[in-house]
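Trainee: One structure follows; several queries about it will come next.
The values are calculated or read from the model by the stated rules, or taken from the named source; none is laboratory data. Since we're looking at a predicted model, the values are computed, not measured. Quick reminder, even Gly has a Cβ in these numbers, built from the backbone with ideal geometry, and neighbours come from all protein chains shown. Ligands, DNA and RNA are excluded from the accessible area calculation, which covers all protein heavy atoms including side chains. Shrake-Rupley method; radii C 1.70, N 1.55, O 1.52, S 1.80 Å.
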Amino acid sequence: MQLIKIDTIAECNKYFSRKTLHPLICLIDLSETKMCALLKPAFYAVLLNGVSCCSCCGWREYDFSSGTLTFISPDRTLNIDLFRRDENKPCFLLCFLPELIHGTALNGYFSDYTFFHYRQNEALHLSCNEEEIIKTCMEDIRKELQWCVDEYSQLLLANRLELLLNYSSRFYKRQFITRHDGNKNILVQTDKLLDDYFFSGNAQYKGLPTADYFARMQGFSSAYFEDMLRHETGKDTKEYVLDRQLVIACGQLLRTDKSIAEIAVNLGYSSSRNFCNLFKQVMGYTPTDYRVLN
């Protein structure tokens, strides 16, 4: 399948034989086209597909199955043919340039919508009610696009887009909740990877592992892994790693004869002094006192 690079909203509309109603945003009903496409848009895209149960979207047995919502950041590929499985179900492609939100409140916190950096197999799987809400949001955008462009158009379109993204954030939070049991297994594997990393001495030579490391080892995007970890533990990757680092340090102080300096170096602390200061700050004792008292 040929890769189609699309740089502007006008080019996107032309490709799907649609009129350009606004130069910064478009909404295309893909159920009306038989076209198969591997697109690489230079802008953000949101794909609503009425069918959810397909492996390319990462559907699991504990997910809802009324529809799928996929988010694409600029210059990532989107295979439309993978998603359109049922012509009787809705399939909408919403595209917008970053310039749409410039000068609006949304621009200040747009980076909070981390799901634009998820993989396609980390899509959002919708319930019937959720799908109806997203369809309503897209319909409101479509209605606003029917107006002639004026001084209010950009702000009103950005407001409608913000509402859609806020609902998407809520629904992703719900999906993390319904995936809790599966997420526990991911955390178990994360702990194993982390222990192996520390006990192999990698921390001494490579520094502490990041979200990229855990995501790559388990087949996730770093954005999805970071959000899942924060939801399940209340900590980001750095905090989680530092906590585990300290737990292992405590174990080595109690169960080995290694010197404090050796433990500090092997576990990736910048210096034994830094290790001692952090240890006392968290544990209330110096490493030496902790070893003696326990």
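Trainee: Could you tell me which residue of the range 253-263 is most open to solvent (accessible area, probe 1.4 Å), considering only residues that are in contact (Cβ under 8 Å) with a residue 12 or more places away in the chain and touching a helix residue (DSSP H, G or I) at 6+ places or on another chain (Cβ under 6 Å)?
Mentor: Among those that are in contact (Cβ under 8 Å) with a residue 12 or more places away in the chain and touching a helix residue (DSSP H, G or I) at 6+ places or on another chain (Cβ under 6 Å), it is I260.
Trainee: Now for a separate question. State all residues of the range 116-167 that are free of Cβ contacts under 8 Å to residues at least 12 places away in the same chain and closer than 30 Å to T233 by Cα; if no residue qualifies, say none.
Mentor: Listed by number, the residues that qualify are N129, N166.
Trainee: Something else now. Any idea which residue in the range 126-137 is nearest to H231 (Cα to Cα), counting only those that are crowded, with 20+ Cβ neighbours inside 10 Å and not charged (D, E, K, R)?
Mentor: Selected residue: L126.
Trainee: Something else now. Would you point out the residue of the range 71-91, among those that are at pLDDT 95 or above and either crowded, with 20+ Cβ neighbours inside 10 Å or of a type in the set (V, I, T) (or both), that is nearest to R170 (Cα to Cα)?
Mentor: The residue in question is F71.
Trainee: Can I ask one more? Taking interchain pairs and intrachain pairs at least six residues apart, which have beta carbon atoms under 8 angstrom, with the first residue in the range 168-197 and outside any helix (DSSP H, G or I) and the second surrounded by fewer than 16 Cβ atoms within 10 Å (Cβ to Cβ)?
Mentor: R179/R60; R179/Y62
Trainee: Moving to a separate point now. Among the residues of the range 92-109, which ones are closer than 11 Å to F43 by Cα and open to solvent by less than 70 Å² (accessible area, probe 1.4 Å)?
Mentor: Once the filter is applied, which keeps residues that are closer than 11 Å to F43 by Cα and open to solvent by less than 70 Å² (accessible area, probe 1.4 Å), the range 92-109 yields L94, C95, F96, L97, P98, L100.
Trainee: So A42 clears everything in (1) among the small types (G, A, S); (2) at pLDDT 95 or above; (3) over 24 Å from E144 (Cα atoms) except one condition, right? Which one?
Mentor: All conditions are met except number (3).
Trainee: Is there a residue in the range 174-185 that is of a type in the set (S, T, N, Q), in contact with a helix residue (DSSP H, G or I) (Cβ under 9 Å, 6 or more places away or on another chain) and open to solvent by 40 Å² or more (accessible area, probe 1.4 Å)?
Mentor: no
Trainee: Is it true that S221 is out of contact with any Cys (no Cβ under 6 Å at 6 or more places or on another chain), at negative phi, among the hydroxyl-bearing types (S, T, Y) and at pLDDT below 95?
Mentor: No: the conditions fail for S221.
Trainee: Exactly one of (1) open to solvent by 50 Å² or more (accessible area, probe 1.4 Å); (2) out of contact with any Cys (no Cβ under 7 Å at 6 or more places or on another chain) is unmet by W59. Its number?
Mentor: Among (1) open to solvent by 50 Å² or more (accessible area, probe 1.4 Å); (2) out of contact with any Cys (no Cβ under 7 Å at 6 or more places or on another chain), the lone unmet condition for W59 is (2).
Trainee: While we're here: For the range 264-276, check the following and say yes or no: at least one residue is among the aliphatic types (A, V, I, L, M) and open to solvent by 10 Å² or more (accessible area, probe 1.4 Å).
Mentor: The answer is yes; a qualifying residue exists.
Trainee: In the range 221-240, how many residues are open to solvent by 40 Å² or more (accessible area, probe 1.4 Å), of a type outside the set (D, E) and within 14 Å of the chain's Cα centre (by Cα)?
Mentor: Selection size over the range 221-240: 3.
Trainee: Looking at (1) assigned to a helix (DSSP H, G or I); (2) closer than 30 Å to D112 by Cα, which is the only condition N277 fails?
Mentor: Answer for N277: the failing condition is (2).
Trainee: Please verify whether Y152 is open to solvent by 40 Å² or more (accessible area, probe 1.4 Å) and either in contact with a Lys or Arg (Cβ under 9 Å, 6 or more places away or on another chain) or closer than 14 Å to L48 by Cβ (or both), treating the condition exactly as stated.
Mentor: So Y152 fails the test.
Trainee: Of these, S127, S52, S66, which one is over 17 Å from the mean Cα position of the chain (by Cα), among the polar types (S, T, N, Q) and at pLDDT below 80?
Mentor: Selected residue: S52, the only one of S127, S52, S66 that is over 17 Å from the mean Cα position of the chain (by Cα), among the polar types (S, T, N, Q) and at pLDDT below 80.
Trainee: Could I ask something else about it? Of the numbered conditions (1) within 30 Å of K19 (Cα to Cα); (2) without any contact (Cβ under 8 Å) to a residue 24 or more places away in the chain, Y213 satisfies every one except a single condition; which is it?
Mentor: With (1) within 30 Å of K19 (Cα to Cα); (2) without any contact (Cβ under 8 Å) to a residue 24 or more places away in the chain applied to Y213, the lone miss is (1).
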